[in-house]
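Right, one structure below, let's go through it.
The values are calculated or read from the model by the stated rules, or taken from the named source; none is laboratory data. In this text, all values refer to a predicted model and were calculated from it rather than measured experimentally. We place every Cβ from the backbone using ideal geometry, glycine too, and count neighbours over all the protein chains shown. The accessibility values were calculated without ligands, DNA or RNA, using every heavy atom of the protein model including side chains. Shrake-Rupley method; radii C 1.70, N 1.55, O 1.52, S 1.80 Å.
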Amino acid sequence: MFVSEALTYVQQRFNMASVGTFLFELRGQFDGVAIRFDASADRSKQLRFTAFRPRGSDIALRVEPSGMFAGAARFATGDGEFDGIFSRSCALGDEAAAEAIVDSAVRAELRSISRLADAALSDHWVTATSAQSTLSGPELEQLARASIAAALAADRATDALDAPAALVRLGVDRALEDAARAHSLALRRHPLAAGGTTERGDSLALYFAANRSPASLLDPLAFTFDAGCLARVSWLEPLAGALAVRPASLIDRAQAALGYGDIEVGDPEFDKAFTITARVDGGADAARSVVVSQLNARARSLLLRARQLGIECSLDERQLFARGPLPKSAADVHELVRVLVGLGPALRDRTSTNPYR
């Protein structure tokens, strides 16, 4: 079977869609797992199947064929045959968690992959990589099914784990548990996250990462962010005037100094820290009126408080996106959750004039 026929076979078996103009790539979903086939454009002629773990883990996990990366293994699985085939590494202090994730079910699927291709497991995906010309359609299907099974098995094992060791040492896990309980949010211990619907109807998701992580779990080659926190809050109702707020850049500040640029609310500290835009019929005065009514004193104080915590916040009419370093104390965890929960109601409160009301 030719390579094109083999890939067509797999595309049909998993109902995958072809994407990309210049490079061959298939994407799809199977058993709740995002999957991807891509073919290299260089002389290596490699074909890679990736199964993205739906929830993943946060221990800097790496399991790859022996010799793929340097450094002594940080954990052992207790399976001598497996450990002889694969190199294994994880974050210091998370060795027990790594051994628990790479359980007998995961090892069995990785062994199955290794009979046909190079198998690898990380916090976020399982990959199978092989030369394009050596595999038939049924063999590619076998790789895909084993990769999907390994991703799901790794997640099941992770669900039983405590928070990553680094976050336990910082006390972030206990603080988030307390904050989640106070605001009726659901808690997931690994990866450490809290989320749910707030009392005022906004949808909140907050994630703490102890290790570097890809910004997009659908693309292993995407840029990464260091250990820290990510949050998204989707508003119950869209904000008026297509309001958008983002941290001000040096160019934004230079333009403002020359009299050009964004809308200002008359709060010097806030106007310096953020760039504000809106789309409203009626000209500049109408736009500023809509902006000021939403970026009231309470809303501004919350965005500035997040900035004091080192959290960069950007929002538009539909959602808030925030990212920053790990909190320095339990109090900072509570403060961050307070900001995320309170910002939506503050933006919708047209009567707020006192930031401490």
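Quick notes
- Single condition GLN255 does not satisfy, out of (1) modelled with pLDDT of 80 or more; (2) over 30 Å from the mean Cα position of the chain (by Cα); (3) not aromatic (Phe, Trp, Tyr): (1)
- Only one of ALA91, ALA72 that is modelled with pLDDT under 95 and either polar (S, T, N, Q) or surrounded by fewer than 17 Cβ atoms within 10 Å (Cβ to Cβ) (or both): ALA72
- Count of the stretch 306-316 residues which are open to solvent by 50 Å² or more (accessible area, probe 1.4 Å) and either more than 14 Å from VAL245 (Cα to Cα) or assigned to a loop (DSSP other than H, G, I, E, B) (or both): 2
- Checking LEU326 against (1) among the aliphatic types (A, V, I, L, M); (2) modelled with pLDDT under 90; (3) assigned to a loop (DSSP other than H, G, I, E, B), the condition it does not meet: (2)
- Sole residue being open to solvent by 20 Å² or more (accessible area, probe 1.4 Å), over 30 Å from GLU25 (Cβ atoms), modelled with pLDDT of 90 or more and not in a loop (DSSP other than H, G, I, E, B), chosen from ARG200, ARG246, ARG288: ARG246
- Contact annotation: residue pairs with Cβ atoms under 7 Å, 6 or more positions apart or on different chains, pairing a residue in the stretch 135-148 that is more than 16 Å from GLY28 (Cβ to Cβ) with a partner that is in a helix (DSSP H, G or I) and open to solvent by 10 Å² or more (accessible area, probe 1.4 Å), are ALA146/GLU109; ALA146/SER112.
- Within the set ASP103, ASP123, ASP178, the sole residue that is in contact (Cβ under 8 Å) with a residue 40 or more places away in the chain, among the acidic types (Asp, Glu) and closer than 17 Å to ALA60 by Cβ turns out to be ASP123.
- Boolean, ALA179 is crowded, with 19+ Cβ neighbours inside 10 Å, modelled with pLDDT of 95 or more and more than 28 Å from GLY342 (Cβ to Cβ): no
- Count of the stretch 291-305 residues which are closer than 15 Å to LYS272 by Cα, part of a helix (DSSP H, G or I) and either open to solvent by less than 10 Å² (accessible area, probe 1.4 Å) or among the polar types (S, T, N, Q) (or both): 2
- Out of ALA98, ALA154, sole residue that is crowded, with 24+ Cβ neighbours inside 10 Å, in a helix (DSSP H, G or I), at pLDDT 95 or above and touching a Phe, Trp or Tyr at 6+ places or on another chain (Cβ under 7 Å): ALA98
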